[in-house]
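Note sheet for the following structure.
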Amino acid sequence: MQLPIMPPVAPMLAKSVSEIPTGNLSYEPKWDGFRSIIFRDGDEVEIGSRNERPMTRYFPEVVEAIKQNLPERCVIDGEIIVVVGDRLEFEVLQQRIHPAASRVKLLSEQTPARFVTFDLLAVDETDYTTQPFEQRRVALEQVLAGASAPIHLTPATRDHDVAVQWFSQFEGAGLDGVVAKPLAGTYQPDKRTMFKIKHARTADCVVAGYRIHKSGPDSIGSLLLGLYTDSGELASVGVIGAFPAARRKELFAELQPLVTTFDDHPWAWARQEEGTRTPRSSEFSRWNAKKDLSFIPLRPELVVEVRYEHMEGDRFRHTAQFNRWRPDRDPRSCTYEQLEEPVTYNLDEIFA
């Protein structure tokens, strides 16, 4: 016997808005983790990701928790998170995506993951995707009534003022912002029918290098950003990209006078091996091991103002967005001190 909804299923999505909307809505914290849809049919459990890739092998402890806490036959939408201390740590969560089973097992014991549920798609023979979210939420609360950590039910409120309070407070526990869901809305896979409100800030950063765009050797793909630490070192903080095609070529020409060698660059650790394109201390994408992240070094003389959501350790959590050039800023003045730090908030209070 099969569930009414079988994998793969794309999750329902949210579109970004600048303010928390009002209306016939339910508000939830926006968790910073791996969006996942759980499929359980008895002892068979599958964890699907947002891009519909299986995640099951990376989270054996979540699989066991699902068997102990969720209905024997169900499909549930939620987020896999890792908690370190009293806050979410996405960087630690990323480390769980590892090809070695022995490493996955070790990390599952050292930094166990949790699963936060926030929508119900099916239980037994009942397909809930055609029902309004208001009813899906009630049903989800019922099926999770006896669940315990590391399975959690996300908090929800219909009070706009409470949502505003959550938006400012929960960032201190590592959360992303707030999600607003129409109470009358059905579950629509891969459709942006919800609303997400995320934190937005600006920072002045040093442009320390660039990567070539896939369209050609004379186009900029991304700019590498740096901020100075208290000890005077230029730390890698993230990148910006998403330039129009014409602007990519213009930027390439404008940046050529600043091209330098790694011998004269603060990031000498990225010096390329002679006759290769791979840096000695090359980083490779955890999601694409073949992605070359080598770059062309620039003299750290150019300052750009970028928009970012929040920090993950000492780096931007997501790709930053170009705002404007700052020819008036001294690159040495671009330090971490300019960044706003949210007030710490205990994650246990959110789960409570």
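The values are calculated or read from the model by the stated rules, or taken from the named source; none is laboratory data. Quick caveat, the model's predicted, so the values are computed rather than measured. Ideal geometry is used to build each Cβ from the backbone, glycine not excepted, and the neighbour counts take in all protein chains shown.
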Open item on the list: Among the residues that make up the range 226-243, is at least one of them surrounded by fewer than 21 Cβ atoms within 10 Å (Cβ to Cβ), outside any loop (DSSP other than H, G, I, E, B), free of Cβ contacts under 8 Å to residues at least 12 places away in the same chain and among the polar types (S, T, N, Q)?
Closed with: no
- [ ] Kindly provide the set of residues from the range 69-108 that are assigned to a helix (DSSP H, G or I) and either in contact (Cβ under 8 Å) with a residue 40 or more places away in the chain or in contact with a strand residue (DSSP E or B) (Cβ under 8 Å, 6 or more places away or on another chain) (or both), ordered by number.
- [x] Asn69, Phe90, Glu91, Val92, Leu93, Gln94, Ala101, Val104, Lys105, Ser108
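Could you check the range 140-156 and list, in sequence order, the residues that are over 15 Å from Ser26 (Cα atoms) and either surrounded by 14 or more Cβ atoms within 10 Å (Cβ to Cβ) or under 24 Å from the mean Cα position of the chain (by Cα) (or both)?
The answer is Val143, Leu144, Ala147, Ala149, Pro150, Ile151, His152.
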- [ ] State which residue is modelled with the lowest pLDDT when the search covers only the range 304-336 and only residues that are buried (at least 19 other Cβ atoms within 10 Å of the Cβ) and under 15 Å from Ala208 (Cβ atoms).
- [x] Phe316
TODO: Quickly run through the range 192-202 and pick out the residues that are surrounded by 15 or more Cβ atoms within 10 Å (Cβ to Cβ) and either in a loop (DSSP other than H, G, I, E, B) or modelled with pLDDT of 95 or more (or both).
DONE: Thr193, Met194, Phe195, Lys196, Ile197, His199
TODO: Give the range 175-190 a look and list any residue that's within 18 Å of Ile76 (Cα to Cα), touching a Phe, Trp or Tyr at 6+ places or on another chain (Cβ under 8 Å) and not β-branched (Val, Ile, Thr), or say none.
DONE: Lys181, Leu183, Gly185, Tyr187
Task: Residue among Ala235, Ala184, Ala208, Ala246 that alone is in the same structural domain as Thr22 (by TED's automatic domain parsing) and over 24 Å from Arg50 (Cβ atoms) - done: Ala184
Open item on the list: Is it the case, given these coordinates, that Lys214 is part of a strand (DSSP E or B) and among the charged types (D, E, K, R)?
Closed with: no
Task: Candidates Val179, Val162 - the one that is in a helix (DSSP H, G or I) and closer than 13 Å to Glu28 by Cβ - done: Val162
Task: Residue under evaluation Pro29, criteria (1) in contact with a Ser or Thr (Cβ under 7 Å, 6 or more places away or on another chain); (2) part of a helix (DSSP H, G or I), criterion not met - done: (2)
